[in-house]
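Report on one structure; see the data block that follows.
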């Protein structure tokens, strides 16, 4: 049980960090970009919200299999098979939680409007400097909300991690899959304790998002 909790926390922490780095420029482009391609990318980004986790996990498993075209490209670079590995879980979790990172950050950038960017331009700030020094601090409400949502969503994953991770003890077995295994072996006492822990964690995560939103909104006002 302890191994499953530690693996879950590692997975959620790493997924959150990497996804915030990857999602921020994507959210910025979706908020300020132009052209028909933006709507298509936005729809693709939101797909994990409507796809059954097992469907997404199935296709990710095919892509991560040792004989897949993706692995044929990655293997010469020293990347082992991603299927049933912790690295594979991270990739799958990033894809599955992508909309939970992109949407809050996109909303925060859209709420800024053009004013901060125009002010930075008058001071001859580069686009990168304007993003790091002006836009991101002003959009911190969305960034923090995204971080909490991604972390909580990753902790509660089941279908995707089971499909691509296989619940290998000490490597890909996380809390959600461990609960499933405990129930399968009729160990309902331990399953109940873990499930109660997830319920409490989910409640605290949602409370944290609402508290952050209220406090930062008060500061911004």
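The values are calculated or read from the model by the stated rules, or taken from the named source; none is laboratory data. Note that the structure is a prediction, hence the values are computed from the model and not measured. As a convention, Cβ positions derive from the backbone with ideal geometry for all residues, glycine included, and neighbour counts pool all protein chains shown.
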Any pair with Cβ under 6 angstrom, 6 or more apart, that starts in segment 48-63 at a residue that is within 12 Å of residue 92 (Cβ to Cβ) and ends at one that is surrounded by fewer than 17 Cβ atoms within 10 Å (Cβ to Cβ)
63/70
Going through segment 45-62 in order, the residues found to be over 15 Å from the mean Cα position of the chain (by Cα), assigned to a helix (DSSP H, G or I) and surrounded by fewer than 17 Cβ atoms within 10 Å (Cβ to Cβ) are 54, 55, 58, 59, 62
Residue 188: modelled with pLDDT under 90 and exposed (fewer than 14 other Cβ atoms within 10 Å of the Cβ), yes or no?
yes
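Residues of segment 1-12 being surrounded by fewer than 20 Cβ atoms within 10 Å (Cβ to Cβ) and out of contact with any helix residue (DSSP H, G or I) (no Cβ under 7 Å at 6 or more places or on another chain), which ones?
Across segment 1-12, the qualifying residues are 2, 3, 6, 9, 10.
Return the only residue of 90, 79 being modelled with pLDDT of 90 or more and either surrounded by fewer than 21 Cβ atoms within 10 Å (Cβ to Cβ) or outside any loop (DSSP other than H, G, I, E, B) (or both).
Testing whether each residue is modelled with pLDDT of 90 or more and either surrounded by fewer than 21 Cβ atoms within 10 Å (Cβ to Cβ) or outside any loop (DSSP other than H, G, I, E, B) (or both) leaves just 90.
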Looking only at helices (runs of 4 or more DSSP H) that lie completely in segment 102-221, which have at least 2 residues being more than 20 Å from the chain's Cα centre (by Cα)?
115-122, 127-130, 175-184, 188-220
